Protein chains: 2
Amino acid sequence: MSVLTRTEINGVNVDGLVGTINAIERDSSLARFQFRAHNEWVSGAHSRTTIQGFYGAGQEDTSRRQPFTLEGDEPAVLLGSNTGPNAVEAVLHALASCLAAGFVYNAAAQGINVESLSFDLEGELDLRAFVGLSKDVRPGYEGIRVTYRVKSDAPRERVEALCQYVQDTSPVLDIIRNPVPVTVRLAR
Amino acid sequence: MSVLTRTEINGVNVDGLVGTINAIERDSSLARFQFRAHNEWVSGAHSRTTIQGFYGAGQEDTSRRQPFTLEGDEPAVLLGSNTGPNAVEAVLHALASCLAAGFVYNAAAQGINVESLSFDLEGELDLRAFVGLSKDVRPGYEGIRVTYRVKSDAPRERVEALCQYVQDTSPVLDIIRNPVPVTVRLAR
């Protein structure tokens, strides 16, 4: 039991975490990942994404026996059939799950025990660009607000510093805050 | 039956679509939406997002009787328990479902019948920023490649023009390609 308490904090294997960081420090090619998704349209706004394999840590990952399935749709007011959250809601999920994992991993690395952690997110969007009525408003979110709630054994200053560090290193926050080049190609 | 064939294309209520656009043209405040998500950390990299209410078209939406639930996690190689796709994979889902809905809605508005539509997405990411080993590489995707496949009754030039239009008006593509301000606040 004492081994477990030493190596696992917040459900994170801290020895594994340190081992991974050391391995990447020795060979930076292990840090190269390619993530993938496949999406099939169903009907109307409803489409279905499957996510399974990826490349990383120097090899193809085969740990997932079955693909994860995510439904995308729109609510009735946006002419969909409400079989899943819409695409911009899925962005909020991506951001929240990134901040959660980043917070918990870095807390574990610093020996901070997290008791609970939650996020509330709001994004403001003007639909006029999407429906073709304005070229002045942007199609995406004008802004996103994230509110964290944390219970932990660390003083507030340490939690605030951790919160800032997580923001500086969060993949999804970077994707949203900064430009990412995207190429879109119609297959022959 | 003839009414149905006239008003529904690709599973989209075209009269409803035109009605929505006309209503927004008369009153642009109807285009203002606020989308929301709530995320609770579970353990390790695993967190759970719930998505239900939003504001839009001048009122709070109450059409969803139950929240949608999305799991976020990491695979074992990234020290998670593989209970769901990770955050950057969720970004690919958000992008695909946005492009799918945008394509199908605009095809319907133009009278193009879509027989099938699918997307393959790949994103390249260097993990060194996330694990704190580099401030030179960005935490997020260096780039994303999207490949579309479409079967429809329209000639390829029209499909290509539609594909371009969808890119110009896609909310999630805009969010990824261009900066979005995000405020992150730790609640008292």
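The values are calculated or read from the model by the stated rules, or taken from the named source; none is laboratory data. Fair warning: this is a prediction, and the values are worked out from it, not measured in the lab. For neighbour counting, all protein chains shown are included, and Cβ atoms are generated from backbone atoms with ideal geometry for every residue, glycine included. Accessible surface is based on the protein model in full, side chains and every heavy atom, while ligands, DNA and RNA are left aside. Shrake-Rupley method; radii C 1.70, N 1.55, O 1.52, S 1.80 Å.
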How many residues are touching an Asp or Glu at 6+ places or on another chain (Cβ under 6 Å) and of a type outside the set (G, A, S) when one looks only at the range A:143-185? 3
Looking at (1) more than 7 Å from every other protein chain (Cβ to nearest Cβ); (2) farther than 30 Å from B:A109 by Cβ; (3) more than 18 Å from the chain's Cα centre (by Cα), which is the one condition that is false for A:I21? (1)
Any idea which of (1) touching a Phe, Trp or Tyr at 6+ places or on another chain (Cβ under 7 Å); (2) touching a residue at least 40 places away in the same chain (Cβ under 8 Å) is the one A:E89 doesn't satisfy? (2)
Which numbered condition trips up A:M1, out of (1) more than 30 Å from A:S81 (Cα to Cα); (2) open to solvent by 20 Å² or more (accessible area, probe 1.4 Å); (3) at pLDDT 95 or above? (3)
Failed criterion for A:R36 (all others in (1) open to solvent by 40 Å² or more (accessible area, probe 1.4 Å); (2) in contact (Cβ under 8 Å) with a residue 24 or more places away in the chain; (3) at the interface with another protein chain (Cβ under 7 Å from one of its Cβ atoms) hold): (2)
Exclusive hit being among the hydroxyl-bearing types (S, T, Y) and more than 16 Å from A:G80 (Cα to Cα), set B:T69, B:T62, B:T20: B:T69
Among the residues of the range A:157-188, which ones are modelled with pLDDT under 95 and among the basic types (K, R)? A:R188
Go through the range A:145-163 and count every residue that is free of Cβ contacts under 8 Å to residues at least 12 places away in the same chain and under 30 Å from B:F33 (Cβ atoms). 0
Within the range A:73-128, take every residue that is within 22 Å of B:T183 (Cβ to Cβ) and of a type in the set (D, E) and give me the one that is surrounded by the fewest Cβ atoms within 10 Å (Cβ to Cβ). A:E124
Count of the range B:40-72 residues which are facing chain A (nearest Cβ under 9 Å), open to solvent by 40 Å² or more (accessible area, probe 1.4 Å) and within 17 Å of A:T49 (Cβ to Cβ): 1
So B:Y141, is it under 18 Å from B:Y105 (Cβ atoms), open to solvent by less than 10 Å² (accessible area, probe 1.4 Å) and touching a strand residue (DSSP E or B) at 6+ places or on another chain (Cβ under 8 Å): no
Would you confirm, using the coordinates I've provided, whether B:N22 is at positive phi and either part of a loop (DSSP other than H, G, I, E, B) or open to solvent by 10 Å² or more (accessible area, probe 1.4 Å) (or both)? no
